[in-house]
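Below is one structure; the comments refer to it alone.
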Protein chains: 2
Amino acid sequence: MEDADSSHQEYIIRREVLDESRLDVVAQKGKWTHKPTVGERMKEMLRCSVPRLKDIVLTWIPVLAWLPKYPFRENIIGDLISGCSVGIMHLPQGMAYALLASLRPVLGLYSSLYPVLVYFIFGTSRHISVGTFAVISIMVGSVTEKLAPDSSFYVNGTNGTEGLDITARDSYRTQVACSLTVLAGIFQILLGVVRFGFVVTYLSEPLVRGYTTASACHVCVSQLKYLFGVTPDRFTGPLSLIYTIVDICKLLPQTRVPELVVSLVSLTILIIVKEINGCYRRKLPLPIPIELIVVVGATIITYFCGLRSEYLVDVVGEIPSGLKVPRAPDTTLFSKIIGDAFAVAIVGYAISISLGKTFGLKHGYKVDSNQELVAIGLCNAIGGFFRCYAVTSSLSRSLVQESTGGKTQVAGVVSSVIVLITVLKIGSLFEDLPKAVLSTIVFVNLKGMFKQFMDVPLLWRTNKVDLLVWLVTFVSTILLNLDMGLAVSIGFSILTVIFKTQLPRYSILGNVPGTDLYLDIEAYKEAKEIPGIKIFRSSATINFTNSEMYLESLQEKVSPSWFIFSFSDLICADKEKCMFKLNNRKNSQNGMVLSVTSTVPNLSGKGHVNWAYHADRITSDSDSDTYEDITAVSQSVEEWKNSNCRSGTHSIILDVSMTSSVDTVTVNTLKNIFRDFGDVGVAIYLAGCQGCVVEQMERANFFSESIPKNLLFVSVHDAVLHILEKQEKVEIDLPYDTQM
Amino acid sequence: MEDADSSHQEYIIRREVLDESRLDVVAQKGKWTHKPTVGERMKEMLRCSVPRLKDIVLTWIPVLAWLPKYPFRENIIGDLISGCSVGIMHLPQGMAYALLASLRPVLGLYSSLYPVLVYFIFGTSRHISVGTFAVISIMVGSVTEKLAPDSSFYVNGTNGTEGLDITARDSYRTQVACSLTVLAGIFQILLGVVRFGFVVTYLSEPLVRGYTTASACHVCVSQLKYLFGVTPDRFTGPLSLIYTIVDICKLLPQTRVPELVVSLVSLTILIIVKEINGCYRRKLPLPIPIELIVVVGATIITYFCGLRSEYLVDVVGEIPSGLKVPRAPDTTLFSKIIGDAFAVAIVGYAISISLGKTFGLKHGYKVDSNQELVAIGLCNAIGGFFRCYAVTSSLSRSLVQESTGGKTQVAGVVSSVIVLITVLKIGSLFEDLPKAVLSTIVFVNLKGMFKQFMDVPLLWRTNKVDLLVWLVTFVSTILLNLDMGLAVSIGFSILTVIFKTQLPRYSILGNVPGTDLYLDIEAYKEAKEIPGIKIFRSSATINFTNSEMYLESLQEKVSPSWFIFSFSDLICADKEKCMFKLNNRKNSQNGMVLSVTSTVPNLSGKGHVNWAYHADRITSDSDSDTYEDITAVSQSVEEWKNSNCRSGTHSIILDVSMTSSVDTVTVNTLKNIFRDFGDVGVAIYLAGCQGCVVEQMERANFFSESIPKNLLFVSVHDAVLHILEKQEKVEIDLPYDTQM
């Protein structure tokens, strides 16, 4: 080596540092143990959140912190305008989404009223608009239709004909929806209180986008019946989406023309004006409230043209004025809806927090995940008593709330007031509104979600694993519906993390001359292997899922240049002599090991090496050597003689810097590596062990007399320098030249 | 710095290396892309396994490879003795375990006969003894009793009394067990053919040990009825174990004394002789075949003392002599047993391969996971036609096979011959054997599994996560039975891997003076932070489950010494002036950033920092600054003035060497970090990026004009040297002294 001197000097410095650091390892063990366990994290979180009574109150009820300091003059105008715009959006959306949830439209209005007020008190995001949302509505709808199908409410009329008891059905559906909402709210509050907001991280971005896209398809299909004015059968369970589409196609000849016309007209108007809103976003002070205009217009036209009586267009029907007294949910339903409630809780929160975080990042304030969970949970739990169904924040309304100058949740209060006035005074005016118009409002609001289909080509180019997550989520949600689909998607998305640990890249590292960099010899042509030393690294952490692969890959990577064949059969015909040789080699452990046991190239067809790790067992096993093809072994010897690599491997450095924690299986695998290679006289060193890993190994009794702690090195370079120094001392003993 | 000169020289070398290496990165992209995908792995595996026809045949039918070379003289004695010992064990165990599977004893004998012969042909392990095993037997038993309960076979006798049609019941149970066995075998063969042997790695050691311990409890409880001679009700579903125990306790007063006496006597004899076998293992040439002796003795005593007729002791009953013709399984049952069959397939393989690998390692031969899967699958699939039920390898028999000198599977053939003789000629002699005796044989063979309870204190000391896996597996298997318990356990064990990625240790690294080592400043006291440069590392890979935590931790770790508070409010009362300052600072990006936005220490109670990343948005957001307590800010200023750390952070190095692959969420998080810190004038560098990660980032369009590729450094030290060099050039512009 050209700069052996400086290298040696450096080595001395390193050794000192290393030794001191090692002492530190012992001295600072107390410090090292402070990697927080789950319990400690919880404690720490609790400790942090319980500093003083005032802080507690302010943390749990954020409105007390910001409202007294509300800068009235600066914010009120923006909040008023924004509140009015959002309130105007709430009216048609609330009614339309209630239809989606198979509930009476007035429930959608309630859901746009109470939860917003609750969120005003407990929420930490200033810009999101809480209320009805398509995905959650369809989830609620699937439950209400499952537990209260039309078929259960056919009664014999007084004149003997069968009829649908709509009042009883709607009343029971309301009961189901409210119970579901309260239960989902309770789940959210509980998760928030135990600070489990992190569970939402399992809903990764591709998953949420695939899921919402699939939900949009479900929403679409569920609205087709209003568009065409047909009444398909109700299907449940897997593949119900497919069955519904087939049924609607069959019913197409029965399409009611008046409703189709109403739908197409309002759809055309909505799309055109929405496009105008989009194009002239910067020029318009407020977006045109086209949804409200269409609703009002359609109601007037229906009323004056007699669409309801003459053409039998299906309309919204009675909208009761005034508010209802709160009512407790039906707890007997809880056991039937627990799974759905959990799905609603998780999805609702996931949508809300992702919007909240986006706005928080944009406007520079902190949105507290756990407080958000509690806030949304309270919206649902309290709302459920007041005949609201599950809410979350809606992208379209939130964007309007932000873009029209809304600064705080005061805008939300303003929007509630508008909804309240509607419910109290003018709601009953909408009784003649055709349901088909509400459906078209749902349709046009799905545009954003269908745009997410563009994720597929994008993800194809950028990340195929995430594309797979997207597609699996989409397909499973389409086929298995919203609850089971979500479960399957989360399971799959978690499995991708596991699969990734099972496909690590194992590499042999080489030194970049003149530096202490050690890089993959296959990726960097500068990196040169150090003769006699193999540096082995896995690109992923080692755990029980891949420890066996680690062992196999190590054997595979190390063996080719370290030709192992049966000297015992060829050279030492005499068994006892061979045993003597082996024992001898074991005594001079630093010598090179050239021959240990036998390859059986023909047995497995892959040139697999048979590893007779235990030299003391070799006599019992050498019987099996007679199996093998004697010519193959001779060839191996020739190959070995001709190969440049005449120096064997005497040391292996395992770069375990990638490993962040070790489990029992990993510790046993490493122990086996140390024992097995040790038995054939190859020294193993561990480099780059993280502090926490060393500690876990200590607890697992990894270190012993045969695996002393001084085999640990802070970096690969330290280990290499140590081996080279050690080698210099024993160089005279070596029969071959190992130095280049 | 003392050795600035040498450091600079080193730097130049490094830069050159780095640049060349970077060129390599571009040049060798083709090489880098060769991290195998799943598809490629499969192809590679297939390619490897299809080299030549001869090799294929030898790989799939290993017996052709080793039997022609069988060293007759050397091995035959050992194999004969070992085969006889194992065959003698097969007889009582086969009958006892068949009872456990709720089948007639002769089926256990069949299962000890055919599968052994099949394994002889296809197996790669030389020492395992394939056949009946307690855990698998009880799994089969739970299915047979579920699908063919006693209650279905009560018939009205000719004299009007109800009676149990035992013949019909046993015949149907045999049908069920054989169908289950064939289906499990098909699963195993399929998994083996597509080379999915790796799935068994999900059954980590703590899981398998917890599961087998819980199975042993199930076995115990199921045998209690024979021990006491009572007939408890049959329970299914969760908690059935508990219900059965309660029912047996209730029935204790009805204990049949003759059977209890038989049980206790044989149990005592078995335990004592087993202990003697254990103590004198080294002195005895063969272990005493006490099980066979007890069986023979009990049969003779029962016959001559008339236990069956006088004391009504329940006996084995008719054992048909001779072999039956093969029969196809009932495929209509497949849909009912698919889940159980999969569980049997996985558990059977897991037990077999772990034993096989252990012996392989001990004796130095390779056991091929996938071929083993095929071999066990064929044992089951073929055996199922011949009225065998599911088999795996048994620890007790395999140990005897190895310790009595068995060298190859020829021993298995010898043992089959012994079983065959019994089935053909002397089986019918055992008709008077009391079932209670067979139960005691099952009991004593569970000793090894109950010893596994000692894992609990061991794991408590060594690895608490693995202890949790053990306990969750045990409890869920006890409470939810063997199929659901296994599913829950595997799910939990996989989740622990995910949880571990969610509890990384985030640390700030410091330089060890005189070296290029960068270590955690909290763990190593030598490590000193470089002024103005923060080096941030996560101990685990970054993926969607923890990318948000990564961002939060980065903000938290970087902020304390980099005091961010509202200059805008305190010093620049004039908003425009402030804006000017901010813009000015943005222009001189290399200057230090001392003040950006406001802390709101009282709002959250945790001193959280509000990150107003976008300087151009600060005017719109500074309204909210009025919320905050002015005194707190003044305090912050004082603190800052008094702190030693007057130099701000101008650069952050993210050491991402721990990250083995990036998903979309991670890329977005990193993009956000670059954008947000870039906006406040802090430069971000990535160090230690693995090749595959760089490639994934490229595909995800991570690099752009704002994030050029030259922000990537091979190591932290390179990044530091680069920053220091850059800093030297702009040092004159800096208002504060950043060099120590």
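Some observations on this one:
- Scanning the range A:659-673 for residues that are in contact (Cβ under 8 Å) with a residue 40 or more places away in the chain, of a type in the set (Val, Ile, Thr), farther than 13 Å from B:Leu203 by Cα and assigned to a helix (DSSP H, G or I) gives A:Thr666, A:Thr669, A:Ile673.
- Scanning the range A:44-77 for residues that are part of a helix (DSSP H, G or I), within 30 Å of the chain's Cα centre (by Cα) and either modelled with pLDDT of 90 or more or surrounded by 13 or more Cβ atoms within 10 Å (Cβ to Cβ) (or both) gives A:Met45, A:Cys48, A:Ser49, A:Thr59, A:Trp60.
- Matching residues, the range B:362-394, being without any contact (Cβ under 8 Å) to a residue 60 or more places away in the chain and under 24 Å from the mean Cα position of the chain (by Cα): B:Lys362
- Residue, least open to solvent (accessible area, probe 1.4 Å), within the range B:514-524, restricted to residues that are farther than 30 Å from A:Thr664 by Cα and of a type outside the set (Val, Ile, Thr): B:Asp516
- Residue list for the range B:674-707, restricted to those being within 13 Å of another protein chain (Cβ to nearest Cβ), of a type in the set (Val, Ile, Thr) and outside any loop (DSSP other than H, G, I, E, B): B:Val693, B:Val694
- Of the residues making up the range A:387-409, at least one is over 25 Å from A:Tyr211 (Cα atoms) and open to solvent by 60 Å² or more (accessible area, probe 1.4 Å).
- Total residues in the range B:514-545 satisfying the condition of being in a loop (DSSP other than H, G, I, E, B), more than 7 Å from every other protein chain (Cβ to nearest Cβ) and either in contact (Cβ under 8 Å) with a residue 40 or more places away in the chain or of a type in the set (Ser, Thr, Tyr) (or both): the figure is 4.
Yes or no, residue by residue, for (1) more than 25 Å from B:Gly485 (Cβ to Cβ); (2) more than 14 Å from chain A (Cβ to nearest Cβ); (3) not hydrophobic (A, V, I, L, M, F, W, C):
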{"position": "B:Asp314", "(1), (2), (3)": "yes, yes, yes"}
{"position": "B:Ser335", "(1), (2), (3)": "no, yes, yes"}
{"position": "B:Ala350", "(1), (2), (3)": "no, no, no"}
{"position": "B:Gln371", "(1), (2), (3)": "yes, no, yes"}
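- Scanning the range B:300-324 for residues that are charged (D, E, K, R) and part of a loop (DSSP other than H, G, I, E, B) gives B:Asp314, B:Glu318, B:Lys324.
- Among the residues of the range B:334-356, those identified as open to solvent by 70 Å² or more (accessible area, probe 1.4 Å) and in contact (Cβ under 8 Å) with a residue 12 or more places away in the chain are B:Lys336, B:Ile338, B:Phe342.
- Some residue of the range A:256-266 being at pLDDT 80 or above, within 40 Å of the chain's Cα centre (by Cα) and basic (Lys, Arg): no
So that you can scan it fast, the table gives a plain yes or no per residue for (1) without any contact (Cβ under 8 Å) to a residue 24 or more places away in the chain; (2) over 22 Å from A:Tyr389 (Cα atoms); (3) out of contact with any Ser or Thr (no Cβ under 6 Å at 6 or more places or on another chain); (4) surrounded by fewer than 19 Cβ atoms within 10 Å (Cβ to Cβ):
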| position | (1), (2), (3), (4) |
| --- | --- |
| A:Ile271 | no, yes, yes, yes |
| A:Asp314 | no, yes, yes, yes |
| A:Thr332 | yes, no, yes, yes |
| A:Thr358 | yes, yes, yes, yes |
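- Options A:Arg327, A:Arg308; residue that is loosely packed, with under 15 Cβ neighbours inside 10 Å and among the charged types (D, E, K, R): A:Arg327
- Failed criterion for B:Thr473 (all others in (1) among the β-branched types (Val, Ile, Thr); (2) assigned by the TED database to the domain that holds B:Leu241; (3) open to solvent by 30 Å² or more (accessible area, probe 1.4 Å) hold): (3)
- Failed criterion for A:Phe187 (all others in (1) open to solvent by less than 10 Å² (accessible area, probe 1.4 Å); (2) under 23 Å from the mean Cα position of the chain (by Cα) hold): (1)
- Scanning the range B:476-500 for residues that are open to solvent by less than 30 Å² (accessible area, probe 1.4 Å) and facing chain A (nearest Cβ under 7 Å) turns up B:Ile494, B:Val497, B:Ile498.
- Against the numbered list (1) hydroxyl-bearing (Ser, Thr, Tyr); (2) under 27 Å from A:Val400 (Cα atoms); (3) free of Cβ contacts under 8 Å to residues at least 24 places away in the same chain, A:Thr244 comes up short only at (2).
- Residue, nearest to B:Thr236 (Cα to Cα), within the range B:325-355, restricted to residues that are not acidic (Asp, Glu) and not in a helix (DSSP H, G or I): B:Pro329
- Every residue from the range B:502-513 that is facing another protein chain (nearest Cβ under 7 Å) and open to solvent by less than 30 Å² (accessible area, probe 1.4 Å): B:Gln502, B:Pro504, B:Val512
- In the range B:195-217, the residues that are open to solvent by 30 Å² or more (accessible area, probe 1.4 Å), more than 10 Å from every other protein chain (Cβ to nearest Cβ) and modelled with pLDDT of 85 or more: B:Val208
The values are calculated or read from the model by the stated rules, or taken from the named source; none is laboratory data. Computed from a predicted structure; not experimentally measured. Counting neighbours? That spans all protein chains shown, and the Cβs are built from the backbone with ideal geometry, glycine included. The protein model used for the area step is the full one, side chains on, heavy atoms only, and it has no ligands, DNA or RNA in it. Shrake-Rupley method; radii C 1.70, N 1.55, O 1.52, S 1.80 Å.
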